[in-house]
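The values are calculated or read from the model by the stated rules, or taken from the named source; none is laboratory data. Note that this is a predicted model, so its numbers are computed, not measured. Because the Cβ atoms are built from the backbone with ideal geometry, glycine has one as well, and the counts that use them run over all protein chains shown. Calculation scope for accessible area: heavy atoms of the full protein, side chains included, ligands and nucleic acids excluded. Shrake-Rupley method; radii C 1.70, N 1.55, O 1.52, S 1.80 Å.
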Amino acid sequence: MNEIILGKTGLKVKRIGFGGIPIQRLPMKESDTVLERAIESGINFFDTARVYTDSEEKMGHILSKYRDKIIIATNTYNRVAKGAEQDVDISLKNLKTDYIDLYQLHNISTDADMEKVLGSGGALEGLIRQKEKGKIKHIGVSSHKPWYLEKMLDYFETIQFPFNIIECKANEELIPKAKDKNVGMIAMKPVAGGSIKNVQYNLRYILQSGLHIAIPGMDHPDQVDENFSVLENLKPLSEDEIKKLDAEKELLGDNFCRRCEYCMPCPAGLNISFLHLIRGYYFNYGLKAWSMERLEMLEKGYGDCTACGECITKCPYELDTPNIFRETWVKIQADQKLK
Ligand code: SF4
Ligand code: SF4
C-alpha cells in the first residue's frame with residue numbers, strides 16, 4: 001500500500017513525495033537537511049520546476065548523491081518545442097544528472113496554451129525529442145483546472161493537479177477517466193498551501209480517492225516526518241475522521257480560491273486568481289520575496305481593486321475577493337514596512 005506503480009510510467013513510487021516549492025526560501029544548508037531527511041525517511045519521488053527559482057539547484061545539490069535510488073520530476077513553463085528542449089538541458093545541469101525521470105508541462109490552463117503545446121512546434125514535440133535522446137524518461141502535464149487535463153489524457157503519462165478535501169472537483173470526471181487510461185495521478189497542493197490543518201487525514205483522503213501520490217511541500221525535517229508517517233497508517237478513514245475533515249472543509253470552504261477563473265475578466269484588469277495565488281504563497285508558504293517579485297511584475301495589484309463586486313457574483317464559491325484583497329494589501333504593506 002505504501003508503494004504504487006505510477007500509472008503507465010511503470011515507476012514505483014512511495015505514495016508521499018516531496019514538493020519542491022518551499023525549499024526555495026531556505027538557505028542551502030537547511031534545504032540539504034530537509035532533503036536528506038526525506039531520503040532517510042524513504043521518500044523516493046521529488047518534484048520541482050524551472051520556475052521555482054533555485055529549487056532545482058538545491059535538489060541537485062543533495063539528490064545527485066542518491067541518483068539511482070530516487071525519481072526526479074520537474075516542470076517547464078515553456079510552450080514551444082525549442083524552449084522546452086532548452087529547459088530540459090538547463091534542468092539536467094541544475095539537477096546534476098544525465099536523465100530526468102518525469103518532465104512535465106507546467107500548468108496548462110487555457111485553450112490557447114493547450115493548443116500551443118500540443119500543436120505543431122509546441123512544447124510536447126520538444127519533450128518527445130528529448131525523450132528519444134534519453135534525457136527524459138516520461139512526459140507529464142500539470143494544470144489547476146481538471147477539465148483541461150481531461151482533454152489531454154491521451155497525450156501524457158501523468159497528470160498533476162491540486163487535490164485535497166477542499167479542492168476535489170477531480171472526483172467527478174477526471175479521476176475515473178484517468179484511471180481508465182492508466183494515467184499516473186499526482187496531487188499537488190495537497191494541504192492547500194498550508195490551509196488544511198488535519199494534514200494526515202487529508203493525505204489519507206487523497207490517497208484513498210485513487211491518486212497515486214501526494215507531494216506536499218516541505219521546509220522542515222519535522223514536516224517530512226509528519227507527512228511521511230501517513231504511510232504507516234494508510235487505512236481507510238473512519239466515520240469520525242471523515243466528520244473532522246468535513247468540519248474543516250466547511251470552515252475553510254468559503255475563503256479558498258480554487259483558481260477556476262469563472263470570475264474573469266475583472267473590469268479593472270486584475271488577474272484575480274493569480275493574486276489569490278500570490279497571497280497564499282506570501283502568507284502560507286512564507287515566500288515573501290518571490291511573491292513581491294511577482295506582484296511588482298503585474299500591471300494591476302491588490303490596491304487597484306475598485307470593489308465593484310462583479311467577481312463575487314461570478315464566483316461559484318461566492319468568495320469575497322474585494323475584501324480579501326483589501327485586507328491582503330493592508331497586511332502586505334504593513335509587513336513590508338516592518339523590514
Ligand atoms: S471587486 Fe475588484 S477584483 Fe473583483 S471584479 Fe471588481 S475590481 Fe475586479
Ligand atoms: S475567486 Fe472564485 S471564481 Fe475566481 S478563480 Fe477564485 S474560486 Fe474561481
Legend entry - Test for Gly286: is it at pLDDT below 95, within 22 Å of the chain's Cα centre (by Cα), within 16 Å of ligand 2 (Cβ to nearest atom) and under 26 Å from Pro190 (Cα atoms): no
Legend entry - Single condition Asp335 does not satisfy, out of (1) more than 16 Å from ligand 2 (Cβ to nearest atom); (2) surrounded by 15 or more Cβ atoms within 10 Å (Cβ to Cβ): (2)
Inset, instruction - Can you give me the number of residues within region 66-92 that are over 29 Å from Gly42 (Cα atoms) and at pLDDT 95 or above? - result: 9
Inset, instruction - Taking Ala268 as the residue in question, decide whether it is of a type in the set (Gly, Ala, Ser) and more than 16 Å from ligand 1 (Cβ to nearest atom). - result: no
Inset, instruction - Collect the residues in region 71-106 that are out of contact with any Phe, Trp or Tyr (no Cβ under 7 Å at 6 or more places or on another chain) and assigned to a loop (DSSP other than H, G, I, E, B), keeping them in residue-number order. - result: Tyr77, Asn78, Arg79, Leu95, Lys96, Thr97, Asp98, Tyr99
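Collect the residues in region 136-150 that are touching a strand residue (DSSP E or B) at 6+ places or on another chain (Cβ under 7 Å) and of a type outside the set (A, V, I, L, M), keeping them in residue-number order.
Of everything in region 136-150, those that are touching a strand residue (DSSP E or B) at 6+ places or on another chain (Cβ under 7 Å) and of a type outside the set (A, V, I, L, M) turn out to be Lys137, His138, Gly140, Ser142, Ser143, His144, Pro146.
From the list Glu115, Glu150, pick out the single residue that is open to solvent by 10 Å² or more (accessible area, probe 1.4 Å), in a helix (DSSP H, G or I) and in contact (Cβ under 8 Å) with a residue 24 or more places away in the chain.
Details: Glu115 fails: in contact (Cβ under 8 Å) with a residue 24 or more places away in the chain.
Every option except Glu150 fails the conditions.
Out of all the residues in region 24-42, is one or more closer than 22 Å to Val141 by Cβ, more than 14 Å from the chain's Cα centre (by Cα) and not β-branched (Val, Ile, Thr)?
no
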Inset, instruction - Kindly indicate whether any position in region 316-326 is open to solvent by less than 60 Å² (accessible area, probe 1.4 Å), within 9 Å of ligand 1 (Cβ to nearest atom), in a helix (DSSP H, G or I) and hydroxyl-bearing (Ser, Thr, Tyr). - result: yes
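Is it true that some residue in region 287-302 is in a loop (DSSP other than H, G, I, E, B) and within 9 Å of ligand 1 (Cβ to nearest atom)?
Yes: one or more hits.
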Legend entry - Subset of region 289-313 that is over 25 Å from Ile21 (Cα atoms) and buried (at least 18 other Cβ atoms within 10 Å of the Cβ) - its residue that is nearest to the chain's Cα centre (by Cα): Cys311
Inset, instruction - Output the residues belonging to region 243-276 that are within 16 Å of ligand 2 (Cβ to nearest atom), part of a helix (DSSP H, G or I) and either open to solvent by 30 Å² or more (accessible area, probe 1.4 Å) or among the aromatic types (Phe, Trp, Tyr) (or both). - result: Lys249, Leu252, Phe274
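Here's the yes/no breakdown for (1) assigned to a loop (DSSP other than H, G, I, E, B); (2) touching a residue at least 40 places away in the same chain (Cβ under 8 Å):
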site	(1), (2)
Tyr205	no, yes
Asp222	no, no
Leu237	yes, no
Glu241	no, yes
Inset, instruction - Those residues that are more than 16 Å from ligand 2 (Cβ to nearest atom), farther than 18 Å from Met264 by Cβ and in contact (Cβ under 8 Å) with a residue 24 or more places away in the chain, I need them from region 296-328; list them, please. - result: Gly303
